[in-house]
Amino acid sequence: MTALLSTRNVETYYGPIMAIGGVSIDVPEGKIVCVLGANGAGKTTLLKTISGAIDCRKGQVLFRGEEVQNRNPDAVAACGIAHVPEGREVFPFMSVEENLIVGAWGRSDKDAVARDMEAVYQYFPDLATKRHDMAGFLSGGQQQMLAIGRGLMGDASLMILDEPSLGLSPLLTQMIFGIVRRINRERGITILLVEQNAVAALDLADHGYVMEVGRIVMDAPTSELRESDDIREFYLGKS
Ligand code: ATP
């Protein structure tokens with residue numbers, strides 16, 4: 001089966017420093033794939049390379065079999081890849097609704113956009129009640145909901161999520177991961193997720209990769225990763 005998204009031997013640098021070196025992953029259509037790893041392992045760099053926020057020096061990013069590496073972020077988004085960045089990056093001085101409208105940039109079917117906005121409000125009722133509030137006044141959890149909602153507004157087929165649990169309580173993390181699962185199942189959106197919360201990520205995803213110092217060191221179905229001694233010791237805090 002060809003993957004919806006693949007990276008092949010991707011190398012990305014910050015100046016002379018190699019942040020990721022030869023990373024190859026596959027994200028099959030309809031699945032949820034997670035990338036685990038400690039701080040500085042290169043997870044964010046991998047996602048930014050996929051979404052065009054930074055260029056790679058070598059390798060390919062293939063989306064539906066087509067090379068998309070080193071295109072600008074708008075062009076990558078137009079292909080159907082929604083990047084929900086670390087730290088949310090909502091527009092603080094715009095309302096919730098205006099942030100969602102920005103997410104629908106480039107779409108001309110107004111009815112479909114309105115339907116998607118209602119779907120976002122159904123997934124995240126908190127956003128519906130605050131639709132006219134400025135995004136900067138939302139809590140961290142609500143800003144994460146808005147960032148995911150904005151990703152949904154682009155009608156993407158692949159959503160890439162960078163540390164959605166960052167700074168959230170376990171309960172809120174569970175709630176947001178539950179919605180990500182529903183988005184995957186109900187809307188058929190393929191998910192690539194980067195997380196430091198290994199428990200939550202392994203529970204959600206079908207397949208996982210583990211990164212260390214810019215390389216993939218493990219690659220297996222999450223059911224296997226959960227049983228691995230190394231994963232249990234280093235990521236799940238069990239021995
Ligand atoms: P975190 O969980 O902390 O976000 P990460 O796994 O996402 O970590 P990256 O942020 O991708 O890791 O960082 C990979 C490497 O690249 C690290 O060594 C980091 O210090 C370095 N790096 C990241 N951003 C920059 C930058 N803008 N300039 C220089 N080096 C950077």
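Against the criterion of being closer than 25 Å to R181 by Cα, away from the ligand (no atom under 16 Å from the Cβ), crowded, with 18+ Cβ neighbours inside 10 Å and not basic (K, R), V120 qualifies. Condition check: in contact with a Cys (Cβ under 7 Å, 6 or more places away or on another chain) and under 24 Å from D155 (Cα atoms). Does V68 satisfy that? Yes. Inside segment 182-239, residues that are touching an Asp or Glu at 6+ places or on another chain (Cβ under 6 Å), within 16 Å of the ligand (Cβ to nearest atom) and small (G, A, S) make up a count of 1.
On the given criteria, is R150 surrounded by fewer than 21 Cβ atoms within 10 Å (Cβ to Cβ) and either of a type outside the set (A, V, I, L, M, F, W, C) or modelled with pLDDT of 95 or more (or both)?
Against the criterion (surrounded by fewer than 21 Cβ atoms within 10 Å (Cβ to Cβ) and either of a type outside the set (A, V, I, L, M, F, W, C) or modelled with pLDDT of 95 or more (or both)), R150 does not qualify.
Here is the figure for segment 47-62: residues that are assigned to a loop (DSSP other than H, G, I, E, B) and either under 15 Å from P73 (Cα atoms) or within 12 Å of the ligand (Cβ to nearest atom) (or both) total 5. Within segment 55-65, at least one residue is modelled with pLDDT of 95 or more, of a type in the set (A, V, I, L, M, F, W, C), more than 16 Å from the chain's Cα centre (by Cα) and surrounded by fewer than 22 Cβ atoms within 10 Å (Cβ to Cβ). Counting only helices (runs of 4 or more DSSP H) that sit completely within segment 71-141, those holding 1 or more residues that are basic (K, R) and without any contact (Cβ under 8 Å) to a residue 12 or more places away in the chain correspond to 110-123. Which residues, taken from segment 18-46, are within 16 Å of the ligand (Cβ to nearest atom), of a type outside the set (V, I, T) and either assigned to a strand (DSSP E or B) or touching a helix residue (DSSP H, G or I) at 6+ places or on another chain (Cβ under 6 Å) (or both)? Hits for segment 18-46 are M18, A19, G21, G22, C34, L36, G37.
The values are calculated or read from the model by the stated rules, or taken from the named source; none is laboratory data. Model, not experiment: these values are computed from the prediction. Note: ideal-geometry Cβ built from the backbone for every residue, glycine included; neighbour counts use all protein chains shown.
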